[in-house]
Amino acid sequence: MSKEALFGKTLSELQSIVIDLGLPKFTAKQITGWLYQNDITCIDEMTNLSKNARLILNVHYDFGLTPSSKVQESVDGTKKYLFPAGKHKFIEAAYIPDETRKTLCVSSQVGCKMGCLFCMTGKQGFQANLSAGEIVNQVRSLPEKDELTNIVYMGMGEPFDNLDEVLKSLEIFTSDWGYGWSPKRITVSTIGIVPAIKRFLNESQCHLAVSLHSPFEAERKKLMPVENVYSLPEVISTIKNFDFGRQRRVSFEYIMFKGINDRPRHVKELARILNGIRCRINLIRFHPIPNTPLKSSDEKTMEEFMLALNAKDIRTTIRASRGEDIFAACGLLSTRELVKRENSDY
């Protein structure tokens, strides 16, 4: 039976662990330093712990790092890393280098249960939640980890469907005993799970991104089944009722589908429902996936849509597509075919 991992534990969790093991409470702070602020890979390298403490920890715990098992590189420099996540399970993380930003798009689940019409991860189906350690591991085990400027929770899965572990991972990233990142460098995306949005806004200082894709409930329902449970007016009302201050940002992700959500009436309705929210809209090209009738809006339509929204004082940009040739672009992350091949070997 495999031992539990230390990596991914919060300071409070480690304090409980060391007390249960009969070790001094201050040992927990020492362990966090080794886990998150030093480049070591095993418990024996925690040299300011007593030999007996290291022996006891080794009996009960593993260090808990998992290196990537495969990497693909796009012609545009984007890299997609494959990480094991249990037997016959895998997740993907996308490293996106730009001139001034080096961003890692991390996954929070193996697959996804939300069933959005435009997403390959959803077509894979849901297999498992990732632990905080498995989420943070995507950063810690990245060869380019020291170059990163930003982290976005926009990979496989719905982060707010795994909120406890996502919040723990954010605590590790932003605490002084952890990685010490500014929460302003981290954005967490959701399709709009209202209770989790409220909890996230109150328990974290990181930026929020909401997948919108249509300002009309009936249209959004066809694209995103979550609309049947948490309606768009509920989502917008929740955001309007929260004080984001001047430093924290909310953004809306808007994949553009030809003839579906790219008309002047959509611009008008977006301006209406977002009135009073200091936000930005990121327009995203749709990347074709199998067995869907959806098509992307053309470049001219997207540019006109962007200009029309900007004219209504809604800051809007078109997000550059990155890594499409290695299926690392928005909506394309999926390991379903890989899992099929792995299972066929047994």
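The values are calculated or read from the model by the stated rules, or taken from the named source; none is laboratory data. Only a predicted model underlies this, so the values are computations on that prediction, with no experimental measurement involved. No Cβ is skipped: glycine too gets one built from the backbone with ideal geometry, and neighbour counts run over all protein chains shown.
Each residue in region 115-138 was checked for being surrounded by fewer than 20 Cβ atoms within 10 Å (Cβ to Cβ) and among the aliphatic types (A, V, I, L, M), and 2 of them qualify.
Here A85 qualifies as in the same structural domain as M120 (by TED's automatic domain parsing) and within 26 Å of N162 (Cα to Cα). Please work out if S69 is among the small types (G, A, S) and within 20 Å of E134 (Cβ to Cβ). The answer is yes for S69. Listed by position, the strands (runs of 3 or more DSSP E) enclosed by region 221-325 that each have at least 3 residues that are buried (at least 20 other Cβ atoms within 10 Å of the Cβ) are 250-256, 279-285.
For G192, indicate whether it is more than 12 Å from the chain's Cα centre (by Cα) and at pLDDT below 95. No, not satisfied. Residues in region 190-218 that are out of contact with any Phe, Trp or Tyr (no Cβ under 6 Å at 6 or more places or on another chain) and assigned to a strand (DSSP E or B) were compared, and the one that is surrounded by the fewest Cβ atoms within 10 Å (Cβ to Cβ) is H207.
Considering region 27-55, and only residues there that are surrounded by fewer than 19 Cβ atoms within 10 Å (Cβ to Cβ) and among the aliphatic types (A, V, I, L, M), the residue that is farthest from P67 (Cα to Cα) turns out to be L55.
Residues are listed down the side, and each one gets a yes or a no for (1) closer than 27 Å to E147 by Cα; (2) in the same structural domain as S107 (by TED's automatic domain parsing); (3) modelled with pLDDT of 95 or more:
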position	(1), (2), (3)
T174	yes, yes, yes
W181	yes, yes, yes
V226	no, yes, yes
Y230	no, yes, yes
D243	no, yes, no
S251	yes, yes, yes
I255	no, yes, yes
R265	no, yes, yes
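Checking T32, T41, T47 one by one, the residue that is assigned to a loop (DSSP other than H, G, I, E, B), in contact (Cβ under 8 Å) with a residue 24 or more places away in the chain and either of a type in the set (V, I, T) or touching a strand residue (DSSP E or B) at 6+ places or on another chain (Cβ under 9 Å) (or both) is T41 and no other. None of Y95, Y81 is touching a Lys or Arg at 6+ places or on another chain (Cβ under 8 Å), in a strand (DSSP E or B) and without any contact (Cβ under 8 Å) to a residue 60 or more places away in the chain except Y95.
Evaluating I193 against the criteria (1) closer than 25 Å to V110 by Cβ; (2) of a type in the set (V, I, T); (3) touching a strand residue (DSSP E or B) at 6+ places or on another chain (Cβ under 8 Å) leaves one unmet condition, (3). Picking from residues in region 1-56 that are of a type in the set (S, T, Y) and over 24 Å from L167 (Cβ atoms), the one that is nearest to the chain's Cα centre (by Cα) is T41. The set of residues in region 1-18 being buried (at least 17 other Cβ atoms within 10 Å of the Cβ) and part of a helix (DSSP H, G or I) consists of L11, L14, Q15, I17, V18.
Scanning region 50-64 for residues that are free of Cβ contacts under 8 Å to residues at least 60 places away in the same chain and part of a strand (DSSP E or B) turns up just one, Y61. Evaluated against (1) without any contact (Cβ under 8 Å) to a residue 40 or more places away in the chain; (2) among the aliphatic types (A, V, I, L, M); (3) outside any helix (DSSP H, G or I), L142 falls short on exactly one condition, (1).
Take K51 and tell me if it is under 22 Å from G180 (Cα atoms) and at pLDDT 95 or above. So K51 fails the test. For region 19-29, the tally of residues that are assigned to a loop (DSSP other than H, G, I, E, B) and within 12 Å of S175 (Cβ to Cβ) stands at 0.
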